[in-house]
Amino acid sequence: MRHTARVFQSLERQAMRAKSTAFIGLGRMGSEMAFNFFSKTFAESPDTRFVVCDALPTSAITFRQNFMAQFPGAHIDIVLTPKEAVHASQTVLTMLPSSPQVQTVYSEANGVIPALQSLSAAELARSLFIDSTTLDVGIARSVAAEVTSAGAQMVDAPVSGGVTGAKAGTLAFLVGGTEGAFALSQPILTHMGARIIHCGPSGAGLGAKICNNLVLGVQQIVVGEAMLLGQKLGLDPRILAGVINSSTGGCWASSVNNPVPYSLADKSPPCERNYEGGFATALMLKDMLLATDVAASTDSPLPLGKSAQNFYAETLRHRPDLAQKDFSSVYERLEQMGRED
């Protein structure tokens with residue numbers, strides 16, 4: 001009888017786990033991504049269960065309160081460790097600040113990988129992990145290798161589109177992993193993004209994201225330089241932005257994220273909100289450091305990338321208040337430098 005009861009409890013736990021999705025990391029990006037995914041999934045399957053976990057328990061509590069206020073019938077639990085999240089959920093999504101946090105969540109005690117050791121072979125085969133953190137490619141591949149060696153599946157799926165895209169559900173996911181893992185992740189990522197791109201094997205998504213942000217980081221600085229120079233030459237910012245955006249200098253950093261307030265007639269970039277609500281300057285510096293590190297390890301020249309990295313670092317040394325502001329706020333440092341000359 002006891003054996004029968006244990007088998008029944010195990011099957012019941014597996015059935016509950018199959019209906020549950022966990023989200024670990026509820027910062028500015030993660031909370032918006034989780035909200036979109038949970039709301040769309042709940043609309044399709046009201047019996048789905050959700051689990052949230054964050055290093056700051058208050059973030060998980062606040063998220064649950066906000067979600068339940070809009071979806072009172074939803075079932076959403078809070079756990080304190082990634083290990084608990086894995087035991088509760090067959091699918092686990094993570095959105096963390098950088099490499100150290102990924103190593104903590106996946107590899108350390110009470111983390112994902114130790115939790116996998118207590119699952120059955122059947123549970124492992126059905127377990128999927130999606131990490132959307134932008135981190136070191138080598139660490140991402142190492143973590144993925146540990147997860148897949150345990151018998152589960154994993155993809156790296158960093159995003160492009162920022163907090164605005166996360167809120168609107170229009171992110172682009174750059175996915176690295178096997179064809180099978182990508183196929184499993186695609187319907188999940190579709191609830192949070194508009195474009196899902198399979199870039200190749202493990203780490204390929206991160207490689208694509210790092211290259212993209214390398215371009216973006218350089219562009220945002222030079223757009224600020226051009227906008228400041230144009231005003232010193234007597235040009236109206238709206239006219240100058242219009243010229244750039246309809247000419248060969250056109251790019252997202254100018255047409256969507258222009259750093260000069262009211263230079264875009266039909267948009268409201270972060271500069272019009274005191275640079276709040278965008279992609280933090282500190283995170284852009286992190287991404288530029290990732291690019292220069294991986295370039296050094298692959299003997300790839302990065303003259304502009306290194307210069308841009310140095311400028312972001314120099315900006316935060318002189319203006320630490322810009323660390324959590326949108327990275328287009330480097331324009332304020334350029335203005336300051338112009339006054340100092």
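The values are calculated or read from the model by the stated rules, or taken from the named source; none is laboratory data. For clarity, every value in this text was computed on a predicted model and none was experimentally measured. Here Cβ is always computed from backbone atoms with ideal geometry, including for glycine, and neighbour counts include all displayed protein chains. What goes into the accessible areas is simple: the full protein's heavy atoms, side chains included, and nothing from ligands, DNA or RNA. Shrake-Rupley method; radii C 1.70, N 1.55, O 1.52, S 1.80 Å.
Would you mind computing, in nm to one decimal, how far apart the modelled labels at residue 225 and residue 262 are, each placed 7 Å from Cα along Cα→Cβ?
If labels sit at residue 225 and residue 262, their model points lie 2.8 nm apart.
Test of understanding: in a Gaussian network model of the chain with alpha carbons linked when under 10 Å, which of 244, 113, 188 would top the mean-square fluctuation ranking?
244
Going by the alpha-carbon gyration tensor, a ≥ b ≥ c the square roots of its eigenvalues, is the chain rounded (a/c under 1.5) or, if a/c is not under 1.5, prolate (a/b greater than b/c) versus oblate?
prolate
For the residue pair residue 16 and residue 48, what label-to-label distance in nm results when each label sits 7 Å from Cα along the Cα-to-beta-carbon direction?
With each label point 7 Å from Cα toward Cβ, the separation is 2.0 nm.
Using unit Cβ charges (K, R positive; D, E negative) and no other charged atoms, how large, in debye to the nearest 20, is the dipole of the stretch 198-320 about its Cα centre?
Dipole of the stretch 198-320, to the nearest 20 debye: 120 debye.
Counting only protein heavy atoms, what percent of the accessible surface of the stretch 233-341 is carbon or sulfur at a 1.4 Å probe?
C and S atoms contribute 57 percent here.
In whole Å, what is the distance between the alpha-carbon centres of the stretch 326-341 and the stretch 216-246?
13 Å
Students sometimes get this wrong: rank 141, 64, 319 by accessible area, probe 1.4 Å, all chains present, largest first.
141, 64, 319
At 0.36 nm per residue, and after removing the present C-alpha to C-alpha distance, how many nm does the segment from residue 212 to residue 235 gain when stretched out fully?
On the way: separation 23, 0.36 × 23 = 8.28 nm, distance 3.04 nm.
Result: 5.2 nm gained on full extension.
Ignoring ligands, DNA and RNA, please state the percent of accessible area on the stretch 107-174 from carbon and sulfur, probe 1.4 Å.
Answer for the stretch 107-174 is 52 percent, counting heavy atoms of protein chains only.
Return the FRET efficiency for the residue pair residue 318, residue 186: r is the Cβ-Cβ distance, R0 is 51 Å, and the value is rounded to the nearest 0.05.
Approximately 0.70, to the nearest 0.05.
I want to check a number: in the chain, how many lysine pairs have alpha carbons closer than 19 Å, given a sequence separation of 8 or more or different chains?
Lysine pairs meeting both conditions in the chain amount to 10.
Between residue 70 and residue 339, what length comes free when the chain is fully extended (0.36 nm per residue of separation minus the Cα-Cα distance, one decimal in nm)?
Result: 92.0 nm gained on full extension.
Compute the distance from the alpha-carbon center of the stretch 266-292 to that of the stretch 51-94, in whole Å.
27 Å
I need the shape label for the stretch 19-126. Rule: rounded when a/c is under 1.5, else prolate if a/b > b/c, else oblate, with a, b, c from the alpha carbon gyration tensor.
The shape class here is oblate.
Using only the heavy atoms of the protein chains and a 1.4 Å probe, how would 267, 209 rank by accessible area, largest first?
Details: 267 80, 209 10 Å².
Correct descending sequence by accessible area is 267, 209.
What's the magnitude of the charge dipole for the chain around its Cα centre, counting Lys and Arg as +1 and Asp and Glu as -1 at the beta-carbon? Answer in Debye, nearest 20.
680 debye
Test of understanding: what is the full-extension gain from residue 58 to residue 245, defined as 0.36 nm times their sequence separation minus their Cα-Cα distance?
Gain on extension, residue 58 to residue 245, equals 63.1 nm.
How much accessible surface does residue 78 have with a 1.4 Å probe, in Å² rounded to 10?
Surface accessible to solvent at residue 78 totals approximately 70 Å².
Averaged per residue, what accessible surface does the chain expose to a 1.4 Å probe, in Å²?
Working: 15690 Å² over 341 residues.
It amounts to 46 Å² per residue over the chain.
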